[in-house]
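The values are calculated or read from the model by the stated rules, or taken from the named source; none is laboratory data. What you see is a predicted model; the values in this text were computed from it and never measured. Cβ atoms come from the backbone with ideal geometry, glycine included; neighbour counts cover every protein chain shown. The area values use the complete protein model at the heavy-atom level, side chains included, leaving out ligands, DNA and RNA. Shrake-Rupley method; radii C 1.70, N 1.55, O 1.52, S 1.80 Å.
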Amino acid sequence: MATMKAGPIGGSEAWLGADMAKSTEWIRPVPPPALAEMDAALDGLRRRGLDWPRFGRDDFPLPTFSHELSAVLEELEHGRGFVLLRGIPVGRYAPDELKNLYWGIGAHLGHARWQNSRGELIGEVRDENRLYGEVREPSMDPTLGRSSRSKARSSGSLRFHTDRCDIVTLLCVRRARAGGQSRIVSAVSVADAILARRPDLHALLWQDYWRSRQGEESGGERETYAMPLFAMHAGKFTTQYSRTFVEAAQKLPGVPRMTAAQDEALDLHAEVCEELAFTMELEPGDLQLLNNHVVYHGRTAYEDADGPDRDRLLLRLWISPPNSRELPPGFDTLWGTTTPGAPRGGIAQPA
């Protein structure tokens, strides 16, 4: 069992969706001088013939905006755990230029992490079924009935979950014709609400739940692993969760079966997430940043407009920042290391 806090956790990470929906404090407009710095940095890349991922922070200088990005990291780790940067003029850049810009901003936030076993560093989140059709891939697991292509890359809704990285960032390039709103909720508020309502089920969520790696394992990693939903270590809360991965593990041989109470705890967890969440409308040029240790995220279903380059498109970077928290012993099974500030997380690559 993970170290469990006896009472409510509280603190700045324990916000309520209803309050955030009435506030704009979490929105930070990108100032014109920062936009000028980005353009100057892009010009420097062009002169030197550099493209992502073959450049780093020093190759993309942001003299003043880098200080704002440091403040963003502080808010992500020690504040609410989420920030929205608004006003990046995505429409004036060609696709390759936009990825260079996004990579350059990411380099000031930390180390980019791989998002799948194919070495993807900047993900394109869009409805791939619409683009390519419902094709059964060779990597589809017949036991789980799902492709290795992420459910995030369809137009369906996504349940609340965390990603395998400290910080997930999403840059909105185009909105859907309808739907596709981002939904987030404080994991700390969820834990505290469950404690108040059902302390018996709350205690179960600090115990191990088995999860499947969903075909992401490589290099001899085990196909399944056990980890609690909630944990406290060195004075900091952390959560790691996707119910899809828990349900997938239950279909695999040799995995201990969940008890009825454990399943009930997951039902209550999902119910409270819905109650405490709020919906965030991402506009083109919005850059959303979430700390996966304290914020769950999901998405509503959406419908794309017809025609080329009119579909919903978000770019995604997984980031390991220099100010990340120390993780509990045993979490290196998933993260690679528990050391604070170390490059960690992401999907292990084939040898």
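So the values come out like this:
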| quantity | calculated |
| --- | --- |
| Residue match in segment 310-326 (condition: modelled with pLDDT of 95 or more and among the acidic types (D, E)) | yes |
| Pick from segment 299-351, criterion of a type in the set (A, V, I, L, M, F, W, C) and in a helix (DSSP H, G or I), ranking: surrounded by the most Cβ atoms within 10 Å (Cβ to Cβ) | W335 |
| Total residues in segment 46-86, condition basic (K, R) and closer than 28 Å to W26 by Cβ | 3 |
| Segment 234-253, residues that are part of a loop (DSSP other than H, G, I, E, B) and touching a Leu at 6+ places or on another chain (Cβ under 7 Å) | Q240, Y241, K251 |
| Any chance I88 is among the hydrophobic types (A, V, I, L, M, F, W, C), in contact with a Leu (Cβ under 8 Å, 6 or more places away or on another chain) and loosely packed, with under 14 Cβ neighbours inside 10 Å | no |
| Number of the exception - V83 against (1) open to solvent by less than 40 Å² (accessible area, probe 1.4 Å); (2) among the β-branched types (V, I, T); (3) in a loop (DSSP other than H, G, I, E, B) | (3) |
| Among residues of segment 243-267, those that are under 18 Å from the mean Cα position of the chain (by Cα), at pLDDT 95 or above and of a type in the set (S, T, N, Q), counted | 0 |
| Selection from segment 254-266 of residues that are open to solvent by 20 Å² or more (accessible area, probe 1.4 Å), in contact with a Leu (Cβ under 9 Å, 6 or more places away or on another chain) and farther than 16 Å from S212 by Cα | T259, A261, Q262, E264 |
| Some residue of segment 245-253 being in contact (Cβ under 8 Å) with a residue 40 or more places away in the chain, of a type in the set (S, T, N, Q) and open to solvent by 20 Å² or more (accessible area, probe 1.4 Å) | yes |
| Filter result (within 14 Å of T162 (Cβ to Cβ) and either assigned to a loop (DSSP other than H, G, I, E, B) or in contact with a Lys or Arg (Cβ under 7 Å, 6 or more places away or on another chain) (or both)) within segment 278-296 | N292, H293, V294 |
| Identity of the residue in segment 43-80, touching a strand residue (DSSP E or B) at 6+ places or on another chain (Cβ under 6 Å) and either part of a loop (DSSP other than H, G, I, E, B) or touching a residue at least 60 places away in the same chain (Cβ under 8 Å) (or both), that ends up surrounded by the most Cβ atoms within 10 Å (Cβ to Cβ) | L76 |
| Selection from segment 205-233 of residues that are modelled with pLDDT of 95 or more, assigned to a loop (DSSP other than H, G, I, E, B) and open to solvent by 20 Å² or more (accessible area, probe 1.4 Å) | Q207 |
| Segment 183-204, subset in a strand (DSSP E or B) and not β-branched (V, I, T), residue surrounded by the fewest Cβ atoms within 10 Å (Cβ to Cβ) | R183 |
